[in-house]
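Enquirer: Pasting a structure below so you can have a look.
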Amino acid sequence: MRRTDRLFDIIQILRDGKLHRAQDIADRLEVSVRTIYRDMDTLAASGVPVEGERGVGYMVREQITLPPLNLTPAELEALNLGMAIVAEAADPDLKSAAESLAEKIDAVLPTQVVAEADTWKFAVYPFADAARGLAHMAPIRAAIKSRQKLQLGYRRIDGTLTERTIRPLHMEYWGRVWTLTSWCELRDAFRVFRIDLIENVHPLPELFTDEPGKRLSDYDPHT
(Lines give C-alpha, C1' and ligand atoms only; values in the text may rest on other atoms or scores of the structure.)
Protein backbone atom coordinates (compact mmCIF):
# COMPACT_ATOMS: atom_id res chain seq x y z
CA MET A 1 0.00 0.00 0.00
CA ARG A 2 1.31 3.45 -0.90
CA ARG A 3 1.81 5.78 2.03
CA THR A 4 -0.66 8.35 0.68
CA ASP A 5 -3.31 5.62 0.46
CA ARG A 6 -2.53 4.45 3.99
CA LEU A 7 -2.84 8.00 5.38
CA PHE A 8 -6.24 8.30 3.74
CA ASP A 9 -7.32 4.97 5.26
CA ILE A 10 -6.21 6.11 8.72
CA ILE A 11 -8.32 9.26 8.37
CA GLN A 12 -11.32 7.10 7.47
CA ILE A 13 -10.76 4.94 10.56
CA LEU A 14 -10.50 7.97 12.86
CA ARG A 15 -13.43 9.91 11.44
CA ASP A 16 -15.92 8.07 13.74
CA GLY A 17 -14.58 10.16 16.64
CA LYS A 18 -13.73 7.12 18.80
CA LEU A 19 -10.41 6.25 20.42
CA HIS A 20 -8.36 3.79 18.35
CA ARG A 21 -5.25 1.97 19.54
CA ALA A 22 -2.22 2.14 17.26
CA GLN A 23 -1.91 -1.65 17.44
CA ASP A 24 -5.48 -2.11 16.18
CA ILE A 25 -4.89 0.29 13.28
CA ALA A 26 -1.61 -1.43 12.46
CA ASP A 27 -3.29 -4.86 12.42
CA ARG A 28 -6.07 -3.57 10.19
CA LEU A 29 -3.67 -2.03 7.68
CA GLU A 30 -1.07 -4.81 8.01
CA VAL A 31 1.83 -2.57 8.94
CA SER A 32 3.98 -2.14 12.04
CA VAL A 33 2.95 -0.06 15.04
CA ARG A 34 6.02 2.11 14.48
CA THR A 35 4.74 2.90 10.98
CA ILE A 36 1.41 4.03 12.46
CA TYR A 37 3.24 6.27 14.94
CA ARG A 38 5.09 7.95 12.07
CA ASP A 39 1.88 8.31 10.09
CA MET A 40 0.11 9.95 13.03
CA ASP A 41 2.97 12.46 13.33
CA THR A 42 2.61 13.23 9.62
CA LEU A 43 -1.15 13.73 9.86
CA ALA A 44 -0.83 15.99 12.89
CA ALA A 45 1.89 18.06 11.20
CA SER A 46 -0.29 18.49 8.10
CA GLY A 47 -3.15 19.94 10.13
CA VAL A 48 -5.41 16.93 10.66
CA PRO A 49 -6.86 17.38 14.21
CA VAL A 50 -5.46 14.13 15.62
CA GLU A 51 -5.24 13.82 19.40
CA GLY A 52 -3.59 11.03 21.37
CA GLU A 53 -0.30 9.48 22.32
CA ARG A 54 1.66 6.30 21.91
CA GLY A 55 0.43 3.49 24.10
CA VAL A 56 -2.98 5.08 24.65
CA GLY A 57 -4.65 5.64 21.30
CA TYR A 58 -5.68 8.27 18.80
CA MET A 59 -8.87 10.08 17.88
CA VAL A 60 -9.96 13.11 15.90
CA ARG A 61 -10.92 16.03 18.15
CA GLU A 62 -12.93 18.01 15.63
CA GLN A 63 -13.36 17.70 11.94
CA ILE A 64 -14.78 19.17 8.80
CA THR A 65 -14.65 16.37 6.27
CA LEU A 66 -15.43 16.21 2.60
CA PRO A 67 -16.28 13.06 0.68
CA PRO A 68 -13.49 11.67 -1.53
CA LEU A 69 -13.05 13.77 -4.66
CA ASN A 70 -11.55 12.87 -8.00
CA LEU A 71 -9.92 15.97 -9.47
CA THR A 72 -9.04 16.45 -13.10
CA PRO A 73 -5.64 18.02 -13.92
CA ALA A 74 -7.46 21.26 -14.81
CA GLU A 75 -9.32 21.27 -11.48
CA LEU A 76 -6.07 20.64 -9.60
CA GLU A 77 -4.48 23.54 -11.48
CA ALA A 78 -7.40 25.81 -10.52
CA LEU A 79 -7.07 24.77 -6.86
CA ASN A 80 -3.33 25.41 -7.01
CA LEU A 81 -3.83 28.90 -8.41
CA GLY A 82 -6.59 29.71 -5.93
CA MET A 83 -4.44 28.78 -2.95
CA ALA A 84 -1.55 30.79 -4.33
CA ILE A 85 -3.77 33.88 -4.60
CA VAL A 86 -5.04 33.46 -1.04
CA ALA A 87 -1.49 32.85 0.22
CA GLU A 88 -0.57 36.32 -1.08
CA ALA A 89 -3.41 37.98 0.85
CA ALA A 90 -2.62 40.50 3.54
CA ASP A 91 -4.75 38.61 6.07
CA PRO A 92 -2.30 36.38 8.02
CA ASP A 93 -5.07 33.95 9.01
CA LEU A 94 -6.02 33.37 5.36
CA LYS A 95 -2.37 33.00 4.41
CA SER A 96 -1.86 30.41 7.15
CA ALA A 97 -5.03 28.58 6.12
CA ALA A 98 -3.88 28.38 2.49
CA GLU A 99 -0.52 26.94 3.52
CA SER A 100 -2.22 24.41 5.82
CA LEU A 101 -4.62 23.39 3.05
CA ALA A 102 -1.72 22.77 0.69
CA GLU A 103 -0.07 20.50 3.26
CA LYS A 104 -3.31 18.54 3.77
CA ILE A 105 -3.61 18.00 0.02
CA ASP A 106 -0.01 16.76 -0.01
CA ALA A 107 -0.94 14.13 2.57
CA VAL A 108 -3.65 12.54 0.41
CA LEU A 109 -2.79 13.38 -3.20
CA PRO A 110 -1.67 10.19 -4.96
CA THR A 111 1.80 10.10 -6.45
CA GLN A 112 1.86 9.72 -10.21
CA VAL A 113 3.97 6.96 -11.72
CA VAL A 114 6.22 8.45 -14.40
CA ALA A 115 9.50 7.67 -16.09
CA GLU A 116 12.55 8.31 -13.90
CA ALA A 117 13.82 11.03 -16.24
CA ASP A 118 10.54 12.95 -15.82
CA THR A 119 10.04 12.64 -12.06
CA TRP A 120 11.33 16.17 -11.41
CA LYS A 121 8.20 17.49 -13.09
CA PHE A 122 5.65 15.70 -10.96
CA ALA A 123 4.66 14.77 -7.46
CA VAL A 124 8.11 14.38 -5.95
CA TYR A 125 7.81 18.07 -5.09
CA PRO A 126 5.19 19.08 -2.51
CA PHE A 127 2.05 20.87 -3.60
CA ALA A 128 2.84 23.64 -1.11
CA ASP A 129 6.25 24.21 -2.70
CA ALA A 130 4.71 24.65 -6.12
CA ALA A 131 2.23 27.19 -4.74
CA ARG A 132 5.06 29.17 -3.16
CA GLY A 133 6.57 30.03 -6.53
CA LEU A 134 3.30 31.25 -8.03
CA ALA A 135 3.84 34.70 -6.56
CA HIS A 136 6.06 35.31 -9.60
CA MET A 137 3.46 34.26 -12.15
CA ALA A 138 1.85 37.67 -12.66
CA PRO A 139 5.05 39.45 -13.83
CA ILE A 140 6.05 36.41 -15.88
CA ARG A 141 2.67 36.30 -17.63
CA ALA A 142 2.87 40.04 -18.31
CA ALA A 143 6.38 39.67 -19.74
CA ILE A 144 5.33 36.82 -22.04
CA LYS A 145 2.43 38.91 -23.33
CA SER A 146 4.48 42.09 -23.85
CA ARG A 147 7.60 40.25 -25.15
CA GLN A 148 9.71 41.76 -22.38
CA LYS A 149 13.00 40.33 -21.17
CA LEU A 150 13.34 39.29 -17.54
CA GLN A 151 16.19 38.96 -15.10
CA LEU A 152 15.75 35.95 -12.84
CA GLY A 153 17.36 34.96 -9.59
CA TYR A 154 17.13 31.17 -9.81
CA ARG A 155 17.88 28.63 -7.07
CA ARG A 156 19.27 25.51 -8.71
CA ILE A 157 18.68 22.01 -7.39
CA ASP A 158 22.10 22.02 -5.69
CA GLY A 159 21.11 25.17 -3.78
CA THR A 160 23.32 27.67 -5.63
CA LEU A 161 21.80 30.92 -6.85
CA THR A 162 22.31 32.01 -10.43
CA GLU A 163 21.29 35.16 -12.29
CA ARG A 164 19.82 34.77 -15.77
CA THR A 165 18.54 37.15 -18.43
CA ILE A 166 15.82 35.39 -20.38
CA ARG A 167 13.19 35.74 -23.05
CA PRO A 168 10.09 34.20 -21.38
CA LEU A 169 8.10 32.14 -23.88
CA HIS A 170 5.67 29.76 -22.24
CA MET A 171 4.45 28.52 -18.84
CA GLU A 172 3.19 25.00 -18.31
CA TYR A 173 1.67 23.04 -15.42
CA TRP A 174 2.86 19.48 -14.71
CA GLY A 175 0.79 18.50 -11.68
CA ARG A 176 2.24 20.33 -8.64
CA VAL A 177 5.07 21.94 -10.64
CA TRP A 178 4.93 24.94 -12.98
CA THR A 179 7.72 25.42 -15.51
CA LEU A 180 8.83 28.35 -17.64
CA THR A 181 10.27 27.70 -21.09
CA SER A 182 12.64 30.49 -22.07
CA TRP A 183 15.51 31.50 -24.27
CA CYS A 184 18.45 31.96 -21.88
CA GLU A 185 20.92 34.61 -23.03
CA LEU A 186 23.63 33.35 -20.69
CA ARG A 187 23.58 29.84 -22.19
CA ASP A 188 22.51 31.01 -25.67
CA ALA A 189 20.01 28.16 -25.67
CA PHE A 190 16.53 27.18 -24.56
CA ARG A 191 16.18 26.50 -20.85
CA VAL A 192 13.23 25.31 -18.75
CA PHE A 193 13.01 26.76 -15.23
CA ARG A 194 10.89 25.48 -12.34
CA ILE A 195 8.87 28.48 -11.19
CA ASP A 196 8.94 27.38 -7.53
CA LEU A 197 12.76 27.71 -7.61
CA ILE A 198 12.70 31.31 -8.89
CA GLU A 199 13.82 33.62 -6.09
CA ASN A 200 13.10 36.95 -7.76
CA VAL A 201 11.89 38.39 -11.07
CA HIS A 202 12.86 41.79 -12.49
CA PRO A 203 11.33 43.04 -15.77
CA LEU A 204 13.96 44.68 -17.96
CA PRO A 205 13.37 47.72 -20.19
CA GLU A 206 14.44 45.73 -23.24
CA LEU A 207 11.82 44.06 -25.43
CA PHE A 208 12.45 41.17 -27.80
CA THR A 209 11.07 40.07 -31.14
CA ASP A 210 10.78 36.61 -32.62
CA GLU A 211 14.03 35.45 -34.15
CA PRO A 212 14.54 32.18 -36.03
CA GLY A 213 15.93 29.57 -33.64
CA LYS A 214 14.79 31.46 -30.52
CA ARG A 215 11.01 31.14 -30.90
CA LEU A 216 8.82 28.78 -28.90
CA SER A 217 8.02 26.99 -32.14
CA ASP A 218 11.75 26.21 -32.49
CA TYR A 219 11.98 24.58 -29.06
CA ASP A 220 12.54 20.82 -29.09
CA PRO A 221 12.37 19.30 -25.57
CA HIS A 222 14.26 16.22 -26.78
CA THR A 223 17.42 18.09 -27.75
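For every residue, the table says whether it meets (1) open to solvent by 70 Å² or more (accessible area, probe 1.4 Å); (2) aromatic (Phe, Trp, Tyr); (3) in a helix (DSSP H, G or I); (4) at pLDDT 95 or above.
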| site | (1), (2), (3), (4) |
| --- | --- |
| 165 | no, no, no, yes |
| 168 | no, no, no, yes |
| 176 | no, no, no, no |
| 204 | no, no, no, yes |
| 217 | yes, no, yes, no |
| 220 | no, no, no, no |
| 223 | yes, no, no, no |
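Enquirer: Here is a follow-up. Within the range 138-163, can you find the residues that are open to solvent by less than 10 Å² (accessible area, probe 1.4 Å) and closer than 30 Å to residue 72 by Cα?
Expert: Selection gives 140, 143.
Enquirer: Working only within the range 3-35, note down all residues that are more than 15 Å from residue 51 (Cβ to Cβ) and within 26 Å of the chain's Cα centre (by Cα).
Expert: The answer is 3, 4, 5, 6, 7, 8, 9, 12, 35.
Enquirer: If we scan the range 184-193, do we find a residue that is at pLDDT below 90, open to solvent by 70 Å² or more (accessible area, probe 1.4 Å), not β-branched (Val, Ile, Thr) and not in a strand (DSSP E or B)?
Expert: There is no residue in the range 184-193 that is at pLDDT below 90, open to solvent by 70 Å² or more (accessible area, probe 1.4 Å), not β-branched (Val, Ile, Thr) and not in a strand (DSSP E or B).
Enquirer: Filter the range 7-22 down to the residues that are surrounded by 13 or more Cβ atoms within 10 Å (Cβ to Cβ), free of Cβ contacts under 8 Å to residues at least 40 places away in the same chain and not acidic (Asp, Glu) and list them by number.
Expert: Those that are surrounded by 13 or more Cβ atoms within 10 Å (Cβ to Cβ), free of Cβ contacts under 8 Å to residues at least 40 places away in the same chain and not acidic (Asp, Glu): 10, 13, 20, 21, 22.
Enquirer: Can you list the helices (runs of 4 or more DSSP H) lying wholly within the range 72-161 that have 2 or more residues being at pLDDT below 70 and over 24 Å from residue 9 (Cβ atoms)?
Expert: 73-87, 127-132
Enquirer: Quickly run through the range 16-47 and pick out the residues that are in a loop (DSSP other than H, G, I, E, B) and either among the basic types (Lys, Arg) or touching a Ser or Thr at 6+ places or on another chain (Cβ under 9 Å) (or both).
Expert: Listed by number, the residues that qualify are 18, 21, 46, 47.
Per-residue answers, yes or no, for (1) without any contact (Cβ under 8 Å) to a residue 40 or more places away in the chain; (2) touching a helix residue (DSSP H, G or I) at 6+ places or on another chain (Cβ under 8 Å); (3) among the polar types (S, T, N, Q):
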{"residue": "139", "(1), (2), (3)": "no, no, no"}
{"residue": "145", "(1), (2), (3)": "yes, no, no"}
{"residue": "148", "(1), (2), (3)": "no, yes, yes"}
{"residue": "166", "(1), (2), (3)": "yes, no, no"}
{"residue": "179", "(1), (2), (3)": "no, yes, yes"}
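The values are calculated or read from the model by the stated rules, or taken from the named source; none is laboratory data. Just so we're clear, the structure is a prediction, and the values are computed from it rather than from any experiment. We place every Cβ from the backbone using ideal geometry, glycine too, and count neighbours over all the protein chains shown. What goes into the accessible areas is simple: the full protein's heavy atoms, side chains included, and nothing from ligands, DNA or RNA. Shrake-Rupley method; radii C 1.70, N 1.55, O 1.52, S 1.80 Å.
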